[in-house]
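The values are calculated or read from the model by the stated rules, or taken from the named source; none is laboratory data. Not measured: the values here are computed from a predicted model. Note that each Cβ is placed from the backbone with ideal geometry, even for glycine, and that neighbours are counted across all protein chains shown. Side chains included, ligands, DNA and RNA excluded: accessible areas come from the protein's heavy atoms. Shrake-Rupley method; radii C 1.70, N 1.55, O 1.52, S 1.80 Å.
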Amino acid sequence: MNMNNEKQFEFNEEEHYYTLDGKRMYGITSVLGVIAKPMLIQWAANEAVRELGWFDERKSINKELDLTNFEKRWEEIKKLERDEFFELLSKARYSHRKKKEKAGDIGHIVHKAIEKWIKESKEPELDEQGMKMFNNFKSWTEKNNIKFLESEKKMYSEELWIAGTMDALIEKDNKKYVLDIKTTGGIYDRIPFFQCAGYSIMLAEHNIEVEGYIIIRIGKDGAVEEFYSYDIEGDKQGFLATLTLFKQLETWKTK
């Protein structure tokens with residue numbers, strides 16, 4: 001699949017943005033960022049109070065909290081000086097960011113390992129967690145007889161002025177699918193399918209049609225989940241509606 005060679009399409013890896021003939025394009029991830037994610041708000045709040053030693057998600061399923069650890073932590077907190085307490089609050093405030101960055105690091109490493117394996121058939125050398133995630137993905141591809149047509153493909157749509165990097169274009173049961181690989185803790189909405197739809201729009205501009213979207217989640221917890229969408233047009237409309245909202249919100253920055 002070749003993009004228009006007359007256009008100079010580039011990706012700035014350090015700052016993570018795409019340009020076409022020197023002009024910055026909208027990234028698919030940025031576009032989808034305008035959709036609210038309520039679960040992330042609660043997750044961030046949980047991480048803050050966990051830093052203070054109170055929240056234990058495993059013991060709060062039935063709203064019955066084991067306060068043993070908190071009582072011990074509370075005795076430690078009461079002994080803190082004023083500046084030490086403020087430092088603790090500051091750490092709690094940004095604890096979700098720290099965990100997110102750590103999770104993003106392993107996700108990025110595993111993504112790179114998968115890309116290298118697809119393109120060069122080379123087994124990676126990762127830590128125990130990374131290898132488990134990689135092997136789970138590899139087992140899934142072998143079980144489903146997946147044929148890779150593209151991997152980590154950077155694409156753009158000049159008409160919509162968007163760009164992005166598709167995880168993979170695959171063939172399964174003689175049908176083409178956009179495949180997106182997630183290393184998150186779960187899939188909670190249709191947003192990943194909107195992301196796939198954005199890639200399918202760019203593929204269609206180069207006369208490549210797909211028959212569905214597949215999300216494969218290879219979690220850090222060892223879980224392997226697959227999600228399918230055959231609502232091609234519905235997901236495209238979802239992505240285009242989000243793009244319209246994103247562009248309209250962007251006009252605020254230019255006024």
* **Which numbered condition SER200 fails, given (1) modelled with pLDDT of 95 or more; (2) more than 19 Å from ASP231 (Cα to Cα); (3) touching a strand residue (DSSP E or B) at 6+ places or on another chain (Cβ under 7 Å)** => (2)
* Quick check: is even one residue across region 187-199 over 21 Å from PHE246 (Cα atoms) and polar (S, T, N, Q)? -> no
* Structure fact -> Residue pairs qualifying under the 8 Å Cβ cut-off, at least six apart or on distinct chains, with the first in region 120-131 being without any contact (Cβ under 8 Å) to a residue 60 or more places away in the chain and open to solvent by 90 Å² or more (accessible area, probe 1.4 Å) and the second being part of a helix (DSSP H, G or I) and of a type outside the set (Lys, Arg), are GLU123/TRP117
* Does at least one position in region 134-156 carry a residue that is more than 22 Å from THR184 (Cβ to Cβ), touching a Phe, Trp or Tyr at 6+ places or on another chain (Cβ under 6 Å), modelled with pLDDT of 95 or more and open to solvent by less than 50 Å² (accessible area, probe 1.4 Å)? -> yes
* Evaluate region 165-175: report whether one residue or more is in contact with an Asp or Glu (Cβ under 7 Å, 6 or more places away or on another chain), of a type in the set (A, V, I, L, M) and in contact (Cβ under 8 Å) with a residue 40 or more places away in the chain. => yes
* Asked: Out of the residues in region 154-195 that are in contact with a helix residue (DSSP H, G or I) (Cβ under 7 Å, 6 or more places away or on another chain), of a type outside the set (S, T, N, Q) and assigned to a helix (DSSP H, G or I), which is nearest to LYS138 (Cα to Cα)?
  -> PHE193
* Asked: Is it true that some residue in region 96-109 is surrounded by fewer than 17 Cβ atoms within 10 Å (Cβ to Cβ), part of a helix (DSSP H, G or I), out of contact with any helix residue (DSSP H, G or I) (no Cβ under 7 Å at 6 or more places or on another chain) and modelled with pLDDT of 85 or more?
  -> yes
* Quickly run through region 170-198 and pick out the residues that are under 15 Å from ILE232 (Cβ atoms) and open to solvent by 20 Å² or more (accessible area, probe 1.4 Å). => LYS175, LYS176, ARG190, PHE194, GLN195
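Quick grid of which residues meet (1) touching a residue at least 60 places away in the same chain (Cβ under 8 Å); (2) part of a loop (DSSP other than H, G, I, E, B); (3) open to solvent by 20 Å² or more (accessible area, probe 1.4 Å); (4) not hydroxyl-bearing (Ser, Thr, Tyr):
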position	(1), (2), (3), (4)
LEU203	yes, no, no, yes
ASP221	no, yes, yes, yes
PHE227	no, no, yes, yes
GLU233	no, no, yes, yes
THR244	no, no, yes, no
* If you scan region 141-197, which residues turn out to be farther than 30 Å from GLN129 by Cβ and hydroxyl-bearing (Ser, Thr, Tyr)? -> TYR156, SER157
